[in-house]
Amino acid sequence: DSGVTQTPKHLITATGQRVTLRCSPRSGDLSVYWYQQSLDQGLQFLIQYYNGEERAKGNILERFSAQQFPDLHSELNLSSLELGDSALYFCASSGFGETQYFGPGTRLLVL
Amino acid sequence: SQQGEEDPQALSIQEGENATMNCSYKTSINNLQWYRQNSGRGLVHLILIRSNEREKHSGRLRVTLDTSKKSSSLLITASRAADTASYFCATVDTSGTYKYIFGTGTRLKVLA
């Protein structure tokens, strides 16, 4: 158990809908990262937050947004969902070192 | 694409044999990390090697880094069925974007 929690574990929704994925980092970790993993795209870095501020941005679509709250938990919002957004979404956290601790993921299926 | 490349894409070996997987990257880095992922689960950190290191060991793992060739290798010695997983290298682009870049992964299957 990495200490990173993600909810929900599974999510099934329809095209055009909006969903919110939630992540709680390990106790004391200030950085949160979001990744998308699909069969054809591999593991893609979406965005990183550090202590509430956006730190680095990857291949995050404009339809997606994220934020990190004062209690350090983070949410990833996915809107106007398309079939191609079906994937595993991982959250990871890190402290002062560069090792990332990954959560179990949220499996999103867009029908 | 900035994504790192790993080879082989898939590797099948017998228990007790050594497994070697390679990673190439494209950006400037401070360090390179290797992660393991069991099917459909979160990634687990294995080892980190800094850009000024050439080789590092951790238990049955040996990692090498050649910054001139922008490549790294992960060797798992005396493999076990429990080592069956996908293995990814990961870097941070320190040339400006600070994006995290994961390789395409090597799927290792260790046969008992």
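Okay, here's what the table says:
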{"read-out": "Residues (surrounded by fewer than 21 Cβ atoms within 10 Å (Cβ to Cβ) and part of a strand (DSSP E or B)) located in segment A:88-100", "value": "A:L88, A:S94"}
{"read-out": "Of residues in segment B:79-93 being of a type in the set (A, V, I, L, M) and in contact with a strand residue (DSSP E or B) (Cβ under 6 Å, 6 or more places away or on another chain), the one farthest from A:L39 (Cα to Cα)", "value": "B:A81"}
{"read-out": "Segments classed as strands (runs of 3 or more DSSP E), wholly inside segment B:23-106, with at least 2 members that are in contact with a helix residue (DSSP H, G or I) (Cβ under 8 Å, 6 or more places away or on another chain), under 26 Å from A:T106 (Cα atoms) and at pLDDT below 95", "value": "none"}
{"read-out": "Some residue of segment B:5-15 being surrounded by 12 or more Cβ atoms within 10 Å (Cβ to Cβ), part of a loop (DSSP other than H, G, I, E, B) and in contact with a Leu (Cβ under 9 Å, 6 or more places away or on another chain)", "value": "yes"}
{"read-out": "Of residues in segment B:28-78 being within 14 Å of chain A (Cβ to nearest Cβ) and among the hydroxyl-bearing types (S, T, Y), the one farthest from A:W34 (Cα to Cα)", "value": "B:S58"}
{"read-out": "Odd one out for A:A66 among (1) in a strand (DSSP E or B); (2) more than 14 Å from every other protein chain (Cβ to nearest Cβ); (3) closer than 15 Å to A:L108 by Cα", "value": "(3)"}
{"read-out": "Of all residues making up segment B:73-87, the number that are touching an Asp or Glu at 6+ places or on another chain (Cβ under 7 Å) and within 16 Å of B:C23 (Cα to Cα)", "value": "1"}
{"read-out": "Considering residues of segment A:17-60 that are touching a Leu at 6+ places or on another chain (Cβ under 7 Å), within 9 Å of chain B (Cβ to nearest Cβ) and not in a strand (DSSP E or B) only, the residue modelled with the highest pLDDT", "value": "A:G58"}
{"read-out": "Selection from segment B:93-105 of residues that are over 16 Å from B:A10 (Cα atoms), within 7 Å of chain A (Cβ to nearest Cβ) and surrounded by 18 or more Cβ atoms within 10 Å (Cβ to Cβ)", "value": "B:K99, B:Y100, B:I101, B:F102"}
{"read-out": "Hey, B:L108 buried (at least 16 other Cβ atoms within 10 Å of the Cβ) and either closer than 24 Å to A:A56 by Cα or touching a Lys or Arg at 6+ places or on another chain (Cβ under 7 Å) (or both) or not", "value": "no"}
{"read-out": "Tabulated pairs, segment B:36-54, first of a type in the set (D, E), second in a strand (DSSP E or B), C-beta under 7 angstrom, 6+ apart or interchain", "value": "B:E53/B:L65"}
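The values are calculated or read from the model by the stated rules, or taken from the named source; none is laboratory data. In this text, all values refer to a predicted model and were calculated from it rather than measured experimentally. A quick note on method: Cβ atoms are made from the backbone with ideal geometry, for glycine too, and the neighbour counts reach across all protein chains shown.
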